[in-house]
Amino acid sequence: MPHVLVLNASYEPLGVVPLRRALVLVLENKAVSLEESGAFLHSATRVVAAPSVVRLKRFVRVPYRGPVPLTRKALFARDGGRCMYCGGVATSVDHVVPRSRGGQHAWDNVVAACRRCNHVKADRQLRELGWRLHQQPAPPSGLAWRIIGTGHRDPRWLPYLQPYGADAALARIDSGALSATPSTTPVSPHASTPVSP
């Protein structure tokens, strides 16, 4: 189901909701549609343009927001969907300093990894393998990450997210995807150890 960006009355991004929920907000006159998706929804008596961005009519006070939650989708978005060791397509999550060796499950210790690199690295540290990271892991910041980290993206949302760090977030995602060019050999480019298939 398509998702819709919800903005506060002040145009601050609040979150992403399913299309059905956004449509209910518009039909109950609690929100106005700012951007349409191009699709139409039909009922027995009317045709409604499906929104892509809605703005609430009344300001909603948002409680303090802590750091961006560390989720698999947000991590893959931060790392551009690429393995931070070899540049291949990421399919798993890896702790740079293994948890069994005191590593934390935190943004600065977790990276996206392909299955092969995750298997070879196992419970070892990078210096033991002679590997290095394409980018140092760091926590994402800015309200735009709360939207981008959901894994849902729509180009129509960008103008509403740019004042909240979307350009920096997307640049990090794109640089991770561009700098991590998949290797064509079954050997990790950062290791002297062959990677078994």
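Coordinate-derived values only; no laboratory data. Everything numeric in this text was worked out from a predicted model, so none of it was measured. Don't worry about glycine lacking a Cβ; one is built from the backbone with ideal geometry, like all the others, and counts go over all protein chains shown.
Excluding same-chain neighbours fewer than eight residues apart, the aspartates and glutamates reachable from K30 by a Cα-Cα span under 17 Å are E12. Given the choices (i) 40, 18, 13; (ii) 24, 20, 16; (iii) 35, 20, 17, semi-axes √(5λ) of the Cα gyration tensor in Å derived from the coordinates of this structure is entry (i).
Could you identify which residue out of L14, L27, L126 has the top mean-square fluctuation in a GNM of the chain using Cα springs shorter than 10 Å? Checking each option, the largest mean-square fluctuation is seen for L27. Estimated at 0.36 nm per residue, the fully extended path between T150 and S43 surpasses their Cα-Cα distance by 35.6 nm. Remark: relative contact order (the chain) = 22 percent; criterion is Cα-Cα distance under 8 angstrom and separation of 6 or more residues. Report the paramagnetic label zone for R21: residues of the stretch 127-146 whose backbone N is under 16 Å from a point 7 Å from Cα along the Cα-to-Cβ axis. Under 16 Å, as judged by backbone N against the label point of R21, lie 146 of the stretch 127-146. If you build a Gaussian network model of the chain, linking Cα atoms that sit under 10 Å apart, which residue out of R65, R156, R55 swings the most? The residue that fluctuates most here is R65.
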